[in-house]
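What follows is one structure encoded as structure tokens, with my remarks underneath.
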Ligand SMILES: [Fe+2]
């Protein structure tokens, strides 16, 4: 029952979420039982064409992300002590939890960010002045940052993510994580708050780019929603003081 609204939306849209409403309560749970929910995409499945094809988006969101949500709920419902924890609380204690929760909580958090920090090609704007200054200070220029981020994404062996994070000292860093791990997790090699992340699992790009991960990483900048990344940067900087 908990996914009935989403299922109905998908059915009505025929998998093409052209009407996608704003994301609210993205990590909502019910009060008594863990029931994380998959929010609709904030745009239609073909909105990121030609950079990311509609079929990839439909499968990635409707199948892969849905599976992370379903498996997370299944894992949490087997342990009553976890029922009232937020997704961030789960990430902060993954070292003490089963891998099923680590993988699926990470998968849910990571993909929820991923959908939000993308937008139709050409509509994502530019980094805010504050973010642009921070990027220049850390990496030299936006172009040098993009090159370093691409290198990190290419160097991630196998499945994983490349991230731009705000470190606890407020500065920026590029890091990578394997599988569905992220820098919010306990024990992360480079802890911080992700404000931008690219999914380098093959399921994110294989239909259009096959083995050409570098081409995907290059093209992906066309669909980065810099307004949302800048908003997340401002929030993260405020939190670290
Ligand atoms: Fe993915």
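The residue that is surrounded by the most Cβ atoms within 10 Å (Cβ to Cβ), counting only those in segment 120-145 that are under 25 Å from residue 45 (Cα atoms) and at pLDDT 95 or above, is 127. With respect to residue 156, is the statement that it is within 14 Å of the ligand (Cβ to nearest atom) and within 25 Å of residue 95 (Cβ to Cβ) true? So residue 156 passes the test. Of the residues making up segment 146-180, those that are outside any strand (DSSP E or B) and surrounded by 21 or more Cβ atoms within 10 Å (Cβ to Cβ) are 149, 153, 180.
Looking across segment 195-227, the residues that are part of a helix (DSSP H, G or I), within 14 Å of the ligand (Cβ to nearest atom) and over 16 Å from residue 55 (Cα atoms) come down to 213, 220. Among residues belonging to segment 52-77 that are touching a helix residue (DSSP H, G or I) at 6+ places or on another chain (Cβ under 9 Å) and outside any helix (DSSP H, G or I), point out the one that is surrounded by the most Cβ atoms within 10 Å (Cβ to Cβ). That would be 52. The residue of segment 34-60 that is farthest from residue 216 (Cα to Cα), among those that are within 13 Å of the ligand (Cβ to nearest atom) and in contact with a strand residue (DSSP E or B) (Cβ under 9 Å, 6 or more places away or on another chain), is 60. The requirement of being closer than 15 Å to residue 230 by Cβ, within 16 Å of the ligand (Cβ to nearest atom) and in contact with a helix residue (DSSP H, G or I) (Cβ under 8 Å, 6 or more places away or on another chain) is not satisfied by residue 127.
Here residue 100 clears all of (1) within 13 Å of the chain's Cα centre (by Cα); (2) more than 16 Å from the ligand (Cβ to nearest atom) except the condition numbered (1). Considering the conditions (1) assigned by TED's automatic domain parsing to the domain that holds residue 43; (2) touching a residue at least 12 places away in the same chain (Cβ under 8 Å); (3) not in a helix (DSSP H, G or I), residue 108 is excluded by exactly one of them, (3).
The values are calculated or read from the model by the stated rules, or taken from the named source; none is laboratory data. Model, not experiment: these values are computed from the prediction. Ideal geometry is used to build each Cβ from the backbone, glycine not excepted, and the neighbour counts take in all protein chains shown.
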